[in-house]
Amino acid sequence: MDETKKLVRYITKGIQEKKGRGIVVADLSKIDGTICRYFVICEGNSPLQVEAITDSVTDTVREKLGEKPTRVVGLENAVWVAMDYVDVMVHIFVPDMRSYYDLETLWQDAKLTTIPDID
């Protein structure tokens, strides 16, 4: 399996560990001029859950692949956290911020894959 796809799989696992919802993977690899190959977009119900999801993704990816994000921004208020894994950008929102920025529509040329929520 391609290393980037493994990374996406473990990012998703980290999100699901903390009950992140609405996971969408946007495959940007066939779009010219993008900053990465994939976006992983999800939401948590509160800033506290967004922070927990961020920590879970960091821990899961580090444990499984030995990788750390090159940069994490947004933890100061945790309504939108962006994690940069170079080939994969992770966006973790609270619901109203996700609706406002609507990244799925912004990248509508990308192949979007919805990952079912785990209850």
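Structure data summary
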quantity: Scope region 87-110; condition open to solvent by 90 Å² or more (accessible area, probe 1.4 Å), more than 18 Å from residue 53 (Cβ to Cβ) and at pLDDT 95 or above; matching residues; calculated: 100
quantity: Residue in region 48-66 that is modelled with pLDDT of 95 or more, farther than 15 Å from residue 112 by Cα and part of a loop (DSSP other than H, G, I, E, B) present; calculated: yes
quantity: For residue 29: the one exception among (1) within 22 Å of residue 102 (Cα to Cα); (2) in contact (Cβ under 8 Å) with a residue 24 or more places away in the chain; calculated: (2)
quantity: Lone unmet requirement of (1) out of contact with any Ser or Thr (no Cβ under 9 Å at 6 or more places or on another chain); (2) of a type in the set (A, V, I, L, M); (3) crowded, with 19+ Cβ neighbours inside 10 Å for residue 35; calculated: (3)
quantity: Pairs with Cβ under 7 Å, 6+ apart, first in region 58-86 and closer than 22 Å to residue 47 by Cα and open to solvent by less than 30 Å² (accessible area, probe 1.4 Å), second part of a loop (DSSP other than H, G, I, E, B) and among the aliphatic types (A, V, I, L, M); calculated: 81/75
quantity: Qualifying residue in region 11-31 (condition: among the charged types (D, E, K, R) and over 14 Å from the mean Cα position of the chain (by Cα)); calculated: yes
quantity: Lone qualifier among 21, 37 - being in contact with a strand residue (DSSP E or B) (Cβ under 9 Å, 6 or more places away or on another chain), over 14 Å from residue 8 (Cα atoms) and touching a residue at least 12 places away in the same chain (Cβ under 8 Å); calculated: 21
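The values are calculated or read from the model by the stated rules, or taken from the named source; none is laboratory data. Because the structure is a prediction, the values reported are computed rather than measured. Ideal geometry is used to build each Cβ from the backbone, glycine not excepted, and the neighbour counts take in all protein chains shown. Ligands, DNA and RNA are excluded from the accessible area calculation, which covers all protein heavy atoms including side chains. Shrake-Rupley method; radii C 1.70, N 1.55, O 1.52, S 1.80 Å.
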